[in-house]
Amino acid sequence: MTTWRLPPSSTRPGLHPARALLTPTWLLALVVLALNDHLLKGAGLLPGAVTGKLSDFAGLLVAPVLLAVLLRVRSRRGLLLCHAAVAAVFAGINLSPAVADAWTSLMGLVWPWHITVDPTDLVALPALALGWRALVPAMTRPLPALPPLVPRLAQASAVALGSFFCVATSQNHPPTAEGEGDWGDEWTGSTTDTDYEDIEVDVYLHNASDHDIRIRTRPLLADVQLDCVAVDEDPGQLLSESLFGEGQTATLPPSTNVGVHDLTETRECFAVRVEGDTVRAPFVLFWRASDIPTTIIDGDIDDASQHTAGAVLLADDADQRLVVQDALRPIVFAVDEIPPADAVRPGPDEARLAWSDPPFGEHRLVDVSVGPDGCIAATVDGSDARWYLCVPQGAFPFAVDQWVRIDDNFGAIDIRRIPDPQQPVAIPLTQLVLSRGDLLPTIKDVVLAAKTDYDATLAPEFTCGTVARPDEVSARFADSEVVHVLAGDSAKITSQDRELTLWVAHAEDRVILNPTCAEGPDTLGADIEIAALVTTIEP
């Protein structure tokens, strides 16, 4: 007798995602999503960072099953694709402003949304795996012995409630603190005449038009440092786009308001870039923390007299492009990306001095070679490790078989030729000092100083947005004339029996800095790199 066996895949029970809608796990996640978005947020019972992430975890448990039910999925592959789709959308709106804008527009067809691009929300992604493990078994179990209409009605109710709470998230409650958003950090507003909740702000944007508007606000990256007095001179010119983070996109119904930055951030002055698809041109908001106090305002203001000092009113111009209609303080600056012809940018990083960890102490040079990039590779006796230095051409006068002593001169590198210990014969002075950072080195009988040009017109560096005033380095012996050297130049001075050759690789005083991007010191102020060679003048 022939025995027929089904292939292993066909022995699996049928998959019914709707059955997971009635499990305690899915229902609990839906309750958490609803309560968190509509009661806990803004109530002050939990920190904003907690309420923001709570909705993310709950939403990632609710959404894949709901999507599978709506698409009538019946296979594990289809269910896996639903999970992948939810993960892709969730990751996209939290990583890319472009994706966030597109999703905002799409969901705006159903309900006005606001999305905060926040990569930290990706910490909730493991909830997808948890949901799979907890809910898939329920999709294969038979329904309880109830009249057929009962589970169908319960499932239909769960689909309706789940769809509502996944779309209508955080109604009328914009995020007011870092981490406080909802599923994907969205908030929504109604286009009807609704009593919007009060919001705590200093500077805020107000929709003074008669239709919904969509704007994106981009605060400064967390590590950016500003000299507020220097930035005051021309914020629209000096604050380049690279200094700002991804920010958040908001859809504002008429007469509603939204804050522009995280109130928990502590700075002497703040800057926010505002842009959007319908904005006539990007602009920058710049203000001192002491100038505009934090206050609580209505989320919806119809009476212009209710606006506070930080109000920036947006409306359409004659071409239906969004512009600033009014601002109660002079904090709005047009972005100007074309600086004056005489503007000075920071020096290029390619010209900087560079060296690896030196072999401090007394050594004989056993190899000195110059690489294709112009940098020097040196090897000393007793070590196979190569020591690399990138210095101006002619600034390394030492040769193979010569003895040198390498010292740390308060962060600078001091290299001095010394006699062969086996033949202690006096030799002429040859001393090279390499210095980088915010201080000039100390060299015996040499006076070094730096002077900042405060009258220079400034422009930001292209990549990192650094802005710096140029410095001039001066040098002299006690009995010599003074030489003044700008970055990229060199000069020589002599005394009775010595000669100093000074190379200035970098010299500026930085007033805007993102230390995670730019090279050099990680604080504002002096950024000076020099090479100084002192030699004895032969009689």
Among the residues of segment 310-337, the number that are within 24 Å of LEU524 (Cα to Cα) and among the β-branched types (Val, Ile, Thr) is 2
State the number of residues belonging to segment 486-518 that are free of Cβ contacts under 8 Å to residues at least 24 places away in the same chain and closer than 12 Å to ILE530 by Cα.
3
Can you tell me which of ASP316, ASP373 is charged (D, E, K, R) and either farther than 30 Å from HIS206 by Cα or in the same structural domain as CYS517 (by TED's automatic domain parsing) (or both)?
ASP373
In segment 406-421, anything assigned to a strand (DSSP E or B) and either over 19 Å from THR379 (Cβ atoms) or touching a Phe, Trp or Tyr at 6+ places or on another chain (Cβ under 9 Å) (or both) is listed as ILE406, ASP407, ASP408, ASN409, ALA412, ILE413, ASP414, ILE415, ARG417, ILE418, ASP420
Pair list, Cβ under 9 Å, 6 or more apart: segment 425-447 residue touching a residue at least 40 places away in the same chain (Cβ under 8 Å) and over 22 Å from PRO515 (Cβ atoms), other residue among the hydroxyl-bearing types (Ser, Thr, Tyr) and in a loop (DSSP other than H, G, I, E, B):
VAL433/THR442; ASP445/SER495
Checking the condition more than 16 Å from SER435 (Cβ to Cβ), surrounded by 18 or more Cβ atoms within 10 Å (Cβ to Cβ) and either among the small types (Gly, Ala, Ser) or more than 34 Å from the chain's Cα centre (by Cα) (or both), which residue from GLY465, GLY488 passes?
GLY465
From the list ASP291, ASP232, ASP300, ASP277, pick out the single residue that is buried (at least 17 other Cβ atoms within 10 Å of the Cβ) and of a type in the set (D, E, K, R).
ASP300
Starting from segment 448-477, take each residue that is basic (Lys, Arg) and list its partners that are surrounded by fewer than 20 Cβ atoms within 10 Å (Cβ to Cβ), counting only C-beta distances under 6 angstrom and pairs at least six apart or across chains.
LYS451/GLU472; ARG469/THR452; ARG469/ASP453; ARG469/ALA456; ARG476/VAL447; ARG476/VAL482
Is one or more of the residues making up segment 495-514 hydroxyl-bearing (Ser, Thr, Tyr), in the same structural domain as ALA449 (by TED's automatic domain parsing) and under 21 Å from ARG416 (Cβ atoms)?
yes
Give all pairs with beta carbons closer than 7 Å in which a residue from segment 396-422 that is among the β-branched types (Val, Ile, Thr) meets a residue that is loosely packed, with under 14 Cβ neighbours inside 10 Å and part of a loop (DSSP other than H, G, I, E, B); count only pairs at least 6 apart in sequence or on separate chains.
ILE406/PHE360
Enumeration of residues in segment 352-374 that are surrounded by 15 or more Cβ atoms within 10 Å (Cβ to Cβ) and closer than 12 Å to VAL391 by Cβ:
ARG352, LEU353, ALA354, TRP355
Might you let me know whether segment 250-257 holds any residue that is touching a helix residue (DSSP H, G or I) at 6+ places or on another chain (Cβ under 9 Å) and under 30 Å from LEU106 (Cα atoms)?
yes
Just to be sure I understand, how many residues within segment 1-34 are assigned to a helix (DSSP H, G or I), modelled with pLDDT of 55 or more and not polar (S, T, N, Q)?
16
Tally the residues that are out of contact with any Pro (no Cβ under 7 Å at 6 or more places or on another chain) and assigned to a loop (DSSP other than H, G, I, E, B), restricting the search to segment 373-398.
16
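The values are calculated or read from the model by the stated rules, or taken from the named source; none is laboratory data. If you're wondering where the values come from, they're calculated on a predicted model, not measured in any experiment. Cβ sites come from the backbone with ideal geometry, for glycine too, and all protein chains shown count toward neighbours.
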